[in-house]
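Below you'll find the structure, written out as structure tokens, and then a few comments.
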Amino acid sequence: MDDAHATNHTPDQAPPPAPEQILKIDQLTKHYLMGEVTVEALRGATFDVNAGEFVVILGPSGSGKTTMLNILGGMDQATSGTVHYRGNILTDFSEKALTEYRRNVVGFVFQFYNLLSNLTARENVELATEIIDDHLDVDEVMQDVGLTDRADHFPAQMSGGEQQRVAIARAVCKNPDLLLCDEPTGALDYETGIQILKLLKKINDKYKKTVIIITHNASIAIIADRVLKMRSGEIVENILNETPMDPERVTW
Ligand SMILES: Nc1ncnc2c1ncn2[C@@H]1O[C@H](COP(=O)(O)OP(=O)(O)OP(=O)(O)O)[C@@H](O)[C@H]1O
């Protein structure tokens with residue numbers, strides 16, 4: 001090969017780096033024993049998630065979405081199969097390692113907010129940061145979620161959408177690697193739900209957090225980078241979306 005060929009690969013022409021994998025889920029099963037009956041909540045679910053992706057897991061009631069999210073969040077144990085988190089085998093973690101994982105890696109957003117009612121919005125967010133060394137700035141995150149003016153209000157003085165914003169601020173402020181959201185718009189009206197989806201997209205863009213949303217609402221899928229469809233404990237479709245839409249385009 002002559003010199004001209006040897007310099008063929010300029011930085012401009014170099015192929016883009018392979019996406020960094022954050023989660024690798026392989027043949028995951030979860031069985032619940034209910035008296036004599038075994039409920040198979042997960043039946044060999046298999047998929048990967050790349051760092052920074054906005055993922056929507058879609059499925060009807062009972063398809064195993066919450067079970068999946070709880071295992072990915074280190075809150076439940078799989079029956080068999082593996083979950084790798086950045087190359088570490090989460091499904092082999094000790095209780096101590098799982099506690100660290102829940103504390104430092106995962107931010108959780110629940111359908112019904114789960115705020116402490118005797119603390120203000122700001123105090124709810126601050127409390128979550130107290131156990132974290134490298135948390136984000138509380139004021140900046142309160143501003144991101146549009147709640148600077150409501151920071152001193154108690155949950156009972158706030159609308160559902162505002163309470164969900166506090167819950168998102170609380171999860172994001174921990175500076176987690178993974179933001180796991182269980183039906184985050186499920187308890188909200190349409191307009192408020194869209195605002196919450198916009199906020200989650202903003203967090204995904206600004207802080208480069210990997211966001212996973214589980215929902216039965218198929219309309220939300222258009223905003224995702226990756227859509228995973230679940231049925232009866234299995235991933236039946238894994239769709240990469242090259243052109244995710246703005247949440248304003250979602251209708252239901
Ligand atoms: N703790 C439990 N004990 C026994 N069975 C359970 C438990 N948790 C979930 N299941 C069962 O596992 C299956 C999957 O439930 P899961 O909550 O993961 O589904 P889902 O897709 O999140 O449903 P939904 O959208 O209604 O919340 C269901 O049949 C459910 O009844």
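Structure notes:
- Total residues in the stretch 224-251, condition of a type in the set (Ser, Thr, Tyr) and touching a residue at least 12 places away in the same chain (Cβ under 8 Å): 2
- Residues within the stretch 179-225 that are under 16 Å from Arg249 (Cβ atoms), touching a strand residue (DSSP E or B) at 6+ places or on another chain (Cβ under 6 Å) and among the acidic types (Asp, Glu), tallied: 1
- Which numbered condition Ile22 fails, given (1) β-branched (Val, Ile, Thr); (2) in contact with a Phe, Trp or Tyr (Cβ under 9 Å, 6 or more places away or on another chain); (3) without any contact (Cβ under 8 Å) to a residue 24 or more places away in the chain: (3)
- For the stretch 169-180, the count of residues that are of a type in the set (Gly, Ala, Ser), touching a residue at least 60 places away in the same chain (Cβ under 8 Å), away from the ligand (no atom under 16 Å from the Cβ) and in contact with a helix residue (DSSP H, G or I) (Cβ under 8 Å, 6 or more places away or on another chain) is nonzero.
- Here Glu234 passes the criteria (1) at pLDDT 95 or above; (2) more than 16 Å from the ligand (Cβ to nearest atom); (3) acidic (Asp, Glu) except the one numbered (2).
- Lone unmet requirement of (1) crowded, with 19+ Cβ neighbours inside 10 Å; (2) among the small types (Gly, Ala, Ser); (3) at pLDDT 95 or above for Ala97: (1)
- The residues of the stretch 146-167 that are of a type outside the set (Asp, Glu) and outside any helix (DSSP H, G or I), listed by number, are Gly146, Leu147, Ala151, His153, Phe154, Met158, Ser159.
- Qualifying strands (runs of 3 or more DSSP E) (wholly inside the stretch 1-120; at least 3 residues being within 15 Å of the ligand (Cβ to nearest atom) and more than 24 Å from Ile223 (Cβ to Cβ)): 21-34, 37-50
- Selected residue (criterion: nearest to the ligand (Cβ to nearest atom)) from residues of the stretch 184-224 that are over 20 Å from Gly161 (Cβ atoms) and buried (at least 20 other Cβ atoms within 10 Å of the Cβ): Ile212
The values are calculated or read from the model by the stated rules, or taken from the named source; none is laboratory data. None of these values were measured; they are calculated from a predicted model. Here Cβ is always computed from backbone atoms with ideal geometry, including for glycine, and neighbour counts include all displayed protein chains.
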